[in-house]
């Protein structure tokens, strides 16, 4: 039997970097709010057969309910208040997700994600327990830190090999058992995405004598256009791409 | 006395990723070729007091000469044929650059560079020997490689700390003595930019008993808009930004 599917869509932004008064998840793109577009990609990928948990800052929940009502946007959706960090937001949302299913965690501000990528990630997560999209790094990336005199210089013995470097995206899809277990870890500032939480959990589990590898995190080729809307330039590009 | 200034502008692209028949350095942006815009930023930064070495694929040298003639674009410019890789192209160009001066190496397809950043980098290179622009990485970046079964998975014990990760840009500015000495190294596939050549050279030199640190590579805050025109989307963004 096919496991049930869940989507946790994280819409935590306040719009400061975007320079708008409207939080970026509510900005319009081709006539719809970015958050609606993101959710619809998942609904369309599975003919509506996915439950949605939307995480919003407490102050924005009313506005989102109004938007859904006014735009007759209906789906099986739970609303959850965001926490202090992204980690706490996802942990809150996981309370609405049962064991024994597959759950995607997606940034609301990545509306350019494709149905194909979503389905591919759910398939891989069904097989391996965790699937994450990543694209090769286009830039030369270097590890730098301030030296004694405050100058930014290379960190010794921390050379990176460009061909090994990948930029990680969302949606990240997991067995809900694995993700819920991983989110029982105490918060760590190194948790920049869900895969970092799961990888830390798996590493610690395998360090114990009884540890055995049931799940692993696999990376799937993402899409350069599945970028995060962060600045006004990003929104301008998304508009160009949506309207073409 | 102020050291003389040189610019090596590397225009090696063939336009394959851009999907155009015109190489991207010749694409028009606000009525001028991208390559001309890039060179003019350096001329304007120093009231014309900089010599230019333009590196082009052999097939494009005629077209660039014609363009300069037709558009009355004149500056103290040497033309050099590109080599097999970027490393070989820069090494060819360095033959036109004397010792005892400061030399910038710049990607032709970064026309959005500002005069302020250029001057700041020349100042810092005058003090430290090498100055490179870098911006904090916006993405979560991870080291991945294929496992035995061909799946892309995290490389063990290669965790990256996001706050230490920076994306490196050009122009990279150097004492010409340092850069010419560094380019005497044999080619290595790890040389993805000029700073990587110089850092390798300085590391080896300091490994020898007589080694002493005269120069160091310092990183200066770059500019998010100083991006490389690689895809049609990049060009569309550059047009939006140029015309606004």
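Do any helices (runs of 4 or more DSSP H) lying entirely in the range A:28-94 carry at least 1 residues that are farther than 22 Å from residue A:177 by Cβ and out of contact with any strand residue (DSSP E or B) (no Cβ under 9 Å at 6 or more places or on another chain), and which ones are they?
Working: elements: A:34-45, A:61-70, A:86-94.
Correct list: A:34-45, A:61-70.
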Specify which of the listed residues (A:152, A:185, A:144, A:160) is farther than 20 Å from residue A:101 by Cβ, out of contact with any strand residue (DSSP E or B) (no Cβ under 7 Å at 6 or more places or on another chain) and without any contact (Cβ under 8 Å) to a residue 24 or more places away in the chain.
A:185
Lone qualifier among B:153, B:197 - being surrounded by 14 or more Cβ atoms within 10 Å (Cβ to Cβ) and under 30 Å from residue B:34 (Cβ atoms)
B:197
Counting only helices (runs of 4 or more DSSP H) wholly inside the range B:127-244, the ones holding at least 1 residues that are facing chain A (nearest Cβ under 8 Å) and more than 27 Å from residue A:219 (Cα to Cα) are B:194-207, B:232-243
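Each reported figure results from applying straightforward, stated rules to the coordinates on display, with no laboratory input. Because the structure is predicted, anything quoted here is derived from the model rather than measured. Heads up, the Cβs are rebuilt from the backbone with ideal geometry, glycines too, and the neighbour counts pull from every protein chain shown.
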